[in-house]
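Engineer: One structure coming up, written as structure tokens, with questions to follow.
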Amino acid sequence: MSLPPPSSGLNPEQRLQIVGITGVALAVFLFFRFIPTGTNLNHMDFRVSGKNSVDFCDPANPQFIPVLAARSPVKMTLKTEDAPRTGEPLWVTLLLVTAAGKPIANEDLLVMHAKKLHLLITDPTLTEYQHVHPEPTRRPGEWRFLFTPRLGGRYRFFADFTPVATARSLYANADLEVEGVRRSIGHVVGVLPAWTAEQDGYRFTLEPAALPVRARQAADLKFRVKKTDGGIVPLEPVMEAYAHLVAFDASRSGFAHLHPMDTDLSRRLDAIQPQLAFKITIPEAGRYVIWAQVNLAGSEVFVPFWFDVAP
């Protein structure tokens, strides 16, 4: 006597429901998988394997990015029609491509902090810092921006951007030689560390939670602005934040781009002495500078803080 086949416990109507749900789930997956994003690049175009590759940084614990030592899937080159000279405005053409030579155009990047492409620029002595935003041209992968150097020497340009295909921050760098009066590199060693600075009637303070700042240990920072006459500080947002901090090491091997821990622009800051919290982790001991960028009554102000990082 043969036994009847085991029952699955599901009647035909239940089986039909399961098939229908599975089909809908598969259709939704395929829709989002192949929906057009506007970019012709994919995740594999930005893949880097092996050691010393550029890795995504945790926004809650931003770290110093060793851009020169890291392997990047992106190449950046700079081109000018005229020789760059101190004090002369100059249009610079920037070409951004993948390691395979594919152009990285406007539609290939996400808007981050109000812009798609951020350039962090500094001279060899780190005494000048500029933050500019190139605009795309009609040629894919080509971007242009206006640059006016104040000093002579080999300027370094760090690019900070986020491809649509990865939604992860990536970085690149290039140098540009500028003709003109040069400052001695010894200036970097000779400048005195200071966590306060006065400029244009304002006192700026960057206060670490603990001193000294130590390598490979997260450091909490408090940034404050105060008018020297005690008046109201007209602090306004810049790139979707009340302040931006950028750190460089003495050899300009990389940078850290820091944003306030509190990102709610609707929250009113103290009008007399606004304060913002930042966090940073620096991997190596040595001399560093943090440039603060703020918007005071519609005018952007840049302030440097020099400091030493202990082992």
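The values are calculated or read from the model by the stated rules, or taken from the named source; none is laboratory data. What you are looking at is a predicted structure, and each value in this text was computed from that prediction instead of being measured. Heads up, the Cβs are rebuilt from the backbone with ideal geometry, glycines too, and the neighbour counts pull from every protein chain shown.
Engineer: Somewhere in the stretch 281-288, is a residue in contact (Cβ under 8 Å) with a residue 60 or more places away in the chain and part of a strand (DSSP E or B)?
Structural biologist: Within the stretch 281-288 (the criterion being in contact (Cβ under 8 Å) with a residue 60 or more places away in the chain and part of a strand (DSSP E or B)), the answer is yes, since at least one residue qualifies.
Engineer: Among what's in the stretch 250-304 and is crowded, with 17+ Cβ neighbours inside 10 Å and aromatic (Phe, Trp, Tyr), pick the residue that is nearest to Phe64 (Cα to Cα).
Structural biologist: Looking at the filtered set, the residue picked out is Phe255.
Engineer: Can you tell me which residue is surrounded by the fewest Cβ atoms within 10 Å (Cβ to Cβ) among those in the stretch 220-249 that are within 19 Å of the chain's Cα centre (by Cα) and either assigned to a loop (DSSP other than H, G, I, E, B) or of a type in the set (Phe, Trp, Tyr) (or both)?
Structural biologist: Pro237
Engineer: Scan Leu176, Leu206 and give me the residue that is within 17 Å of Tyr129 (Cα to Cα) and in a strand (DSSP E or B).
Structural biologist: Only one candidate passes the filter, namely Leu176.
Engineer: Could you tell me which numbered condition Ala83 fails, if it satisfies all but one of (1) of a type in the set (A, V, I, L, M, F, W, C); (2) farther than 20 Å from Ala292 by Cα; (3) assigned to a strand (DSSP E or B)?
Structural biologist: For Ala83, the exception is condition (3).
Engineer: Of these, Leu95, Leu119, which one is part of a strand (DSSP E or B) and surrounded by fewer than 19 Cβ atoms within 10 Å (Cβ to Cβ)?
Structural biologist: Unique residue meeting the criteria: Leu95.
Engineer: Being under 15 Å from the mean Cα position of the chain (by Cα) and part of a strand (DSSP E or B) narrows it down to one residue among Ala292, Ala277; which is it?
Structural biologist: After ruling out the rest, the residue left standing is Ala292.
Engineer: Please go through the stretch 198-224 and pick out each residue that is closer than 12 Å to Ala297 by Cβ and modelled with pLDDT of 95 or more.
Structural biologist: Listed by number, the residues that qualify are Gly201, Tyr202.
Engineer: Taking the stretch 143-161, which residues are crowded, with 19+ Cβ neighbours inside 10 Å and either outside any loop (DSSP other than H, G, I, E, B) or touching a Cys at 6+ places or on another chain (Cβ under 7 Å) (or both)?
Structural biologist: Listed by number, the residues that qualify are Trp143, Phe145, Phe147, Gly153, Tyr155, Arg156, Phe157, Phe158, Ala159, Asp160, Phe161.
Engineer: So, Ala83, is that one more than 24 Å from Val246 (Cα to Cα) and either free of Cβ contacts under 8 Å to residues at least 60 places away in the same chain or buried (at least 19 other Cβ atoms within 10 Å of the Cβ) (or both) or not?
Structural biologist: no
Engineer: Cβ-Cβ distance below 8 Å, separation of 6 or more or different chains: which pairs start in the stretch 251-265 with a residue that is more than 10 Å from Phe158 (Cα to Cα) and end on one that is polar (S, T, N, Q)?
Structural biologist: Close Cβ pairs satisfying both conditions: Ala256/Gln63.
Engineer: Residues of the stretch 162-212 being crowded, with 16+ Cβ neighbours inside 10 Å, within 30 Å of Glu81 (Cα to Cα) and within 25 Å of the chain's Cα centre (by Cα), which ones?
Structural biologist: Thr162, Pro163, Leu170, Tyr171, Ala172, Asn173, Ala174, Leu176, Val178
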